[in-house]
Each structure stands twice: as C-alpha cells, then as structure tokens.
Amino acid sequence: MTTPTAIAIDPGGRFTRVAHVGSDGTPALAALPGEVPGEGLPASGNTAGHPAAALRAAYAVYREHYGTPEQVVLVVPQHDRATHARRATDVLTALHGTAPMPRLRTLSHPHAVLALLRHAGTATAHRYLVCDLGATAVEVSVCALAPGSVAVTGTARQAPGDGFAAGFDAALLTGAGLPDDGATRLALARARTRDGAEQRLDVALGHSARRPGRYDDTVVLEVAGGEITVGVLRRALDRLTAGLDAVLDETGDDSAPPLIAVGGVARSGTLLRHLTQHHRAPVALPGGVDPALAASFGAALVAAGRVDPADRYPYAVYVGTHRTLGGEIEAEDLLVSPAGALEPGGATVFAETGGRRVRVRTRPIGSGAARPVRIHVRDARGGNATQIGTLTVPASAEGARYHVGVRIAVDGTARLVLHPLGSGTPSEHPLGALPTHIEGARS
C-alpha cells in the first residue's frame with residue numbers, strides 16, 4: 001500500500017474526511033480503520049459536533065496507520081475562519097510536540113470546493129454561490145473569481161441549536177421512536193449507504209408530493225429496529241428546505257450566479273429538485289463527485305500541488321506614512337502588498353519600488369509620543385477602500401531604517417512586519433483578519 005504524503009482533512013460535525021490524491025491523479029478517501037465507506041471516520045462521544053476534537057481523533061488514527069504526512073491541508077468553515085484555523089493548527093501542533101511537523105495550511109470550505117471545479121476546468125463563471133449543507137449549519141458563500149484569486153465577498157449562515165443536517169437526522173430518529181445518540185446516528189448513516197436507499201427515499205417523497213398524506217405511513221428506511229416513514233421523512237425535509245431558503249434569500253443577487261450545493265444533504269434528489277424549482281439548478285460537480293466529499297477532494301488536490309488554492313488576499317494593503325518635502329510634512333499611502341500577493345502561511349510581502357524594498361523609519365526615541373500608523377485595504381480595480389485600523393508602532397533609535405511588509409499567518413490573520421536593515425530581529429504587529437469585502441468593489 002502506498003502511503004499518502006500529502007493529505008487533506010475536513011473535520012465535519014458527523015464525519016471527518018481524510019483525503020489524498022492517488023497515483024492516477026484522482027482524489028479519494030484514505031483507507032482508515034473504523035471508517036464508514038464513502039463517509040469517513042464517524043464522530044462519536046465527545047467528538048460529535050466538536051471539530052477540534054474530531055480532528056485530533058482522526059489525525060491520530062491516520063498517523064498510527066500511515067505515519068506523519070509531509071503536507072496537511074485543513075478545511076475550515078468560512079464563518080469565523082481565523083478562529084477555526086487557529087484551533088485546528090493548535091491541535092496538530094500539540095499532537096506533534098517536539099516531533100517533526102508536516103507543512104500546514106488551512107483552506108476555507110468555499111475555496112476547497114472551487115479548487116475541485118477549477119482543477120476540472122468547469123469553474124467558468126465569474127461568480128458562484130457555494131452552498132454548504134453541513135451537520136451543524138447551512139452556509140452560503142458568495143465567491144468572485146479572478147485570475148489567481150477566489151474572493152469570498154459575503155457569507156450567510158443559519159445554525160439551529162440542534163444542528164442543520166444533524167437536526168434533520170435527529171427528527172428522523174425521534175420520529176421513528178429511536179434515541180438520537182451516536183450508535184443510532186451511525187446506524188442511520190450505514191442504512192443510507194445501502195444500495196438504492198437514497199433512490200427509494202426520493203421516489204417515496206415524489207409520490208407523497210403528488211398525493212399528500214396518502215403515503216405517510218409507508219416505511220422507507222429501517223434503522224436499528226425502528227421504521228422511518230414517508231411522513232417522518234417529509235416533515236424533517238421541510239425543516240431543511242425552510243432553513244436553506246432563508247439563507248439563500250439573505251444572499252439574494254439579481255445576477256443569480258450559479259449555485260454549487262455540497263455536503264451530505266446535497267445528495268438528496270428531493271432537495272436538489274427543491275433548489276431547481278425555487279431557486280435554480282445546482283451546478284454539476286465534476287466527474288459525479290459525491291457532494292459530501294467535494295471539499296475534502298478539492299483540498300486534497302491543493303495538498304498534492306495539482307491546483308493552486310487561489311485563496312490569496314484579493315485587495316491591496318496600504319500603510320499611511322509621512323515624508324518631509326520642502327520642510328513640510330506630507331501624508332501619503334505606501335503600497336505594501338499588491339492585490340493577490342498575500343497567501344495564508346506564505347512569505348512576507350514587502351513594499352517595493354523599482355524592484356527594491358522601500359526603506360522607512362519610525363518615530364525616533366525621545367521625539368514625543370509615537371504616531372499612530374493607519375492601515376487600509378483597497379480594491380485595485382475600482383479604487384474603493386476600507387480602513388483596517390491604526391497601529392502604534394514603537395519608537396526606534398535615531399537613524400534606524402526598516403523594510404515594511406505584511407504577511408498572513410496560517411490561521412488567516414495578518415501581521416505588519418518591520419524588518420530592520422542589517423542586523424536585528426523583525427517585529428510583528430497584529431492586524432487581525434483582513435476584510436474580505438469592500439463596499440462597491442468590482443468583482
């Protein structure tokens with residue numbers, strides 16, 4: 001058996017998918033003990049609904065079976081991406097301790113999905129709605145594609161207290177008189193993988209839609225000694241479609257960009273018909289990829305170097321500076337990082353002019369209070385800007401000069417970097433997560 005050296009991990013609320021790219025260039029789930037075929041490693045006990053715990057458990061299983069990989073790409077939700085990325089990287093760092101670490105990077109869910117389409121050459125539109133029907137939430141991300149960059153310009157999300165797809169499953173189990181626990185959820189997942197199970201559910205729902213009430217007592221699925229009927233299934237599905245409609249309405253767009261539906265619930269033919277009838281037909285995934293595996297497969301292609309992640313920051317970053325002309329101090333904006341240059345976990349990008357790094361100085365020690373430094377980002381095409389905030393940079397010794405740069409850490413947060421000329425240790429100043437949408441920006 002060939003050991004995968006570059007893997008993607010997508011820790012979900014019900015399953016954690018560990019994927020790699022085979023020698024034939026096709027993404028696949030890594031074979032691991034305890035997996036549910038076609039689903040991944042099931043969450044159970046204290047890992048259910050807790051991505052960090054699920055990641056820790058799945059990665060431990062992978063390392064025990066295959067050893068430490070060279071490259072790991074972690075899929076994280078777009079919502080609160082920096083927090084999720086930071087927690088995930090902390091988990092893997094803690095698991096390795098003093099042992100050698102793999103190269104780590106994080107990739108948001110919509111970027112991972114669009115990596116799959118871009119690799120196949122089917123991402124031909126300039127804008128997409130990536131609709132993630134997950135266990136805990138339904139999240140729709142508005143994505144704008146440009147050469148070398150996929151910008152997420154907006155996100156809408158609904159996360160019911162008992163979960164989105166998880167709540168759907170709970171309604172099925174309780175409707176059948178079964179407990180909503182780890183064992184019965186796993187039994188439900190296995191029942192769905194049986195040959196023809198999903199088709200039977202869709203056919204039964206179709207009959208029910210044409211003749212409401214007539215087929216409600218028809219049994220469509222047997223799970224752990226309980227029977228799930230059409231009526232139970234229909235009522236649970238109504239809950240899903242209502243939540244999905246609300247989120248899609250929130251991201252209403254007159255241009256009606258193509259919609260990509262992913263996640264386990266996107267397997268439902270009934271749900272896809274609902275989307276087609278009430279919104280628009282979802283885009284077909286390349287090669288008939290299972291929608292539940294789309295993000296992990298896209299991230300696996302990134303991990304293997306088969307496709308660029310295109311998650312570089314889409315806007316230019318500027319720093320407010322001052323210079324003296326004719327004895328007068330004038331303010332000006334210094335371009336530190338051009339649009340599309342910053343990459344999470346990548347190298348620091350320094351301000352340059354004429355191919356040479358710009359030299360700046362901070363306020364000298366003893367010259368009074370340090371002057372706040374303004375930081376803002378700008379849409380390179382339209383010129384629209386938004387301010388990030390201000391930093392108070394420590395004063396420096398007389399005559400000290402610096403190269404000024406910015407970098408984005410693997411957790412998605414940015415740092416302003418002051419690198420002293422000659423000897424000296426660079427200093428970093430946190431900027432937080434850079435804005436992903438500028439009002440009026442051109443996509």
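The values are calculated or read from the model by the stated rules, or taken from the named source; none is laboratory data. The structure presented is a predicted model; accordingly, all values stated were derived computationally and were not measured. Glycine gets a Cβ as well: all are built from the backbone with ideal geometry, and neighbour counts include every protein chain shown. Side chains are part of the model used for accessible areas, which takes the heavy atoms of the whole protein and leaves out ligands, DNA and RNA. Shrake-Rupley method; radii C 1.70, N 1.55, O 1.52, S 1.80 Å.
The angle between the Cα long axis of helix 230-250 and the main principal axis of the chain comes to about 20°, on a 0 to 90 degree scale. Compared with the direct C-alpha span, the chain from Ala125 to Gln158 gains 9.3 nm at full extension, assuming 0.36 nm per residue. Per residue, the solvent-accessible area of the chain (1.4 Å probe, heavy atoms of protein chains only, all protein chains present) comes to 45 Å². The slack between Asp180 and Asp24, meaning 0.36 nm per residue of separation minus the straight C-alpha distance, is 52.1 nm.
Normalised by the number of residues in segment 18-90, the average gap of Cα pairs under 8 Å and 6 or more apart makes the relative contact order 18 percent. Note on segment 119-276: the C-alpha convex hull projects to 10.7 nm² when averaged across all orientations.
Rounded to the nearest 0.05, the FRET efficiency derived from the C-beta distance between Glu64 and Thr392 at R0 = 41 Å is 0.30.
Its Cα centre serving as origin, the chain has a Cβ charge dipole (Lys and Arg +1, Asp and Glu -1) of approximately 880 debye. Summing Lys and Arg as +1 and Asp and Glu as -1 over all other residues whose Cβ lies under 11 Å from the Cβ of Val262 gives a net charge of -3. In the chain, the portion of solvent-accessible area held by carbon and sulfur atoms comes to 49 percent [1.4 Å probe, whole percent, DNA, RNA and ligands not counted]. Once Lys and Arg get +1 and Asp and Glu get -1 on their Cβ, which of Val247, Gln199, Ala281 lies farthest toward the positive end of the dipole of segment 196-292? Farthest along the dipole direction, towards plus: Gln199. About the centre of its Cα atoms, segment 172-218 shows a dipole size close to 160 debye [charges on the beta carbon of Lys, Arg (+1) and Asp, Glu (-1) only; nearest 20 debye]. Spherically averaged projected area of the convex hull of Cα atoms, the chain: 25.1 nm². Taking 0.692 mPa s as the viscosity and 37 °C as the temperature, the Stokes-Einstein diffusion coefficient of segment 197-260 based on its alpha-carbon Kirkwood radius rounds to 242 µm²/s.
Here the gap between Ala31 and Arg190, fully extended at 0.36 nm per residue and compared with their Cα-Cα distance, gives a gain of 55.6 nm. If you take all other residues with their beta carbon under 13 Å from the beta carbon of Arg185, and give Lys and Arg +1 and Asp and Glu -1, the sum is -2.
Summing Lys and Arg as +1 and Asp and Glu as -1 over all other residues whose Cβ lies under 12 Å from the Cβ of Tyr318 gives a net charge of -1. Projecting the Cα atoms of Ala52, Ala166, Thr106 onto the dipole axis of the chain, where Lys and Arg carry +1 and Asp and Glu carry -1 at the beta carbon, places Thr106 farthest toward the positive end.
Rounded to the nearest 0.05, the FRET efficiency derived from the C-beta distance between Ala197 and Arg357 at R0 = 60 Å is 0.50. Take the Cα of Leu95, step 7 Å toward its Cβ, do the same at Thr218, and the gap between the two points is 4.5 nm.
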